[in-house]
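Here's the structure, in structure tokens; my notes come after.
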Amino acid sequence: MTLLHITGARPNFPKAAPVIAALAELGVRQRLVHTGQHYDDRMSEVFFRELSLPQPDVNLGVGSGSHAQQTAALMIGLEEEILSTEPQLVIVYGDVNSTLAAAIVAAKLGVPLAHVEAGLRSFDMSMPEEINRLVTDALADLLFVTSPDAIAHLAREGVPEGKIHLVGNPMIDTLLAQLHRLNVDQARQNIGVGVDYIVATLHRPGNVDDPQVAADLVAVVHEAAGIADIVLPLHPRGRAVLEALGIGDHPRVHVVEPLGYIDFMSLVRGSLAVITDSGGVQEETTVLGVPCLTLRPNTERPVTISHGTNQLVTTHSLPAALAEQVALRREQPDRLAPPTRIPPLWDGHAGERIAHLIVDWLDDRYAR
Ligand code: UD1
Ligand code: UDP
């Protein structure tokens, strides 16, 4: 009996780590596939060095391309992998192209599929991730959800209740497991900023691909730098456009390479606030109690607003919202204090819940 985990892009790694560890505790044989969707050291290997992730058994080396090129290459590589290893279950994470490709290939080969982080919906079909989520969830046999709203979305799409399991958030398992290693002072000294700084991450196609849209972002980041230093670990996707627009041409904007997990989460933890368009960062700031200003018109993670620190902003509303949050945070006696509320089951044990559900499901299916 072998389980096949499919990873490949940065957000997959902190989600897969606790699931793989919990299944290993239960003595399950597993194989870890890295598709190679992300390949820079700072987008990939650094997570294997820093998190308790085993080295991948195989790297398919798929790399970058248009959606069709990348998804096609992923499907070809994954079909060969699944045919040669004959897993009893394929496990996919999140909403990236590696997730979508593995879901389609597994379903067409008749191999059962588990989706970790199922049921999130932005209802914005201009996001490639929304298409990936819809297709993956339609094909999955086991759907592990991080928040109650996801159950309702899946039910509305006709997914039988018995396939859906509210398990908490494995991304947060990783954060809580690494909390003792976070070192705010070290991380900010590495960058060269004082105790008052803001972290920013920007990589959504809707924000960084079109130079006209990106120009507004650059202007608002420069305006935000009037409030405090900005540390911007720049995702490779937007690098060329944002740098051409002069994102780093402000003395208080510190543009750096993507950071390793420990440095990044350390910086987020000690920050005044975070400006982002990332999915995972909305969740991590909620659990750290750090104000999060999300530069998007919608979020597939509304629980980070209802139970957390997140708010949606536009380039118009960002400066005032940021000034307000920073003023409140400056009054806070202990920036590292945990928040008073977090979403249900975001308690560090999602990986264990998923592992037990998978083992029970396999026993049930293959013992028959
Ligand atoms: C992907 C995911 C997105 C996720 C993000 C997390 C899809 C459709 N999108 O977006 O949901 O939020 O990862 O980081 O799967 N590049 C490098 N080095 C790398 C990887 C990428 O330089 O290691 C550059 C290439 O120019 C590439 C571009 O980034 O064309 C985009 O990479 P890609 O994996 O296609 O999508 P992301 O924007 O990273
Ligand atoms: N992250 C990191 N270094 C960085 C930026 C992000 O370690 O410089 C981590 C962080 O835990 C984040 C995760 O990578 O939640 C996924 O990030 P990304 O924003 O790329 O993906 P998304 O969640 O938007 O799909």
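Here are the numbers:
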| quantity | calculated |
| --- | --- |
| Residues of region 133-144 satisfying the condition of being outside any loop (DSSP other than H, G, I, E, B) and more than 14 Å from the chain's Cα centre (by Cα) | L134, V135, T136, D137, A138, L139, L142, L143, F144 |
| Count - residues of region 1-20 that are out of contact with any Asp or Glu (no Cβ under 9 Å at 6 or more places or on another chain) and more than 16 Å from ligand 1 (Cβ to nearest atom) | 4 |
| Options T304, T285; residue that is on the phi < 0 side of the Ramachandran plot, crowded, with 20+ Cβ neighbours inside 10 Å and either part of a strand (DSSP E or B) or near ligand 2 (Cβ under 10 Å from one of its atoms) (or both) | T285 |
| All positions within region 120-153 that are surrounded by fewer than 22 Cβ atoms within 10 Å (Cβ to Cβ), within 22 Å of P18 (Cβ to Cβ) and of a type in the set (A, V, I, L, M, F, W, C) | L142, I151 |
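Quick grid of which residues meet (1) surrounded by 24 or more Cβ atoms within 10 Å (Cβ to Cβ); (2) away from ligand 1 (no atom under 12 Å from the Cβ); (3) of a type in the set (K, R):
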{"site": "R31", "(1), (2), (3)": "no, yes, yes"}
{"site": "G36", "(1), (2), (3)": "no, no, no"}
{"site": "F48", "(1), (2), (3)": "no, yes, no"}
{"site": "Q69", "(1), (2), (3)": "no, no, no"}
{"site": "I76", "(1), (2), (3)": "no, yes, no"}
{"site": "P87", "(1), (2), (3)": "no, yes, no"}
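None of the figures in this text is laboratory data; all of them are computed from the coordinates on show. Small disclaimer: the values here were computed from a predicted structure and weren't measured. Glycine gets a Cβ as well: all are built from the backbone with ideal geometry, and neighbour counts include every protein chain shown.
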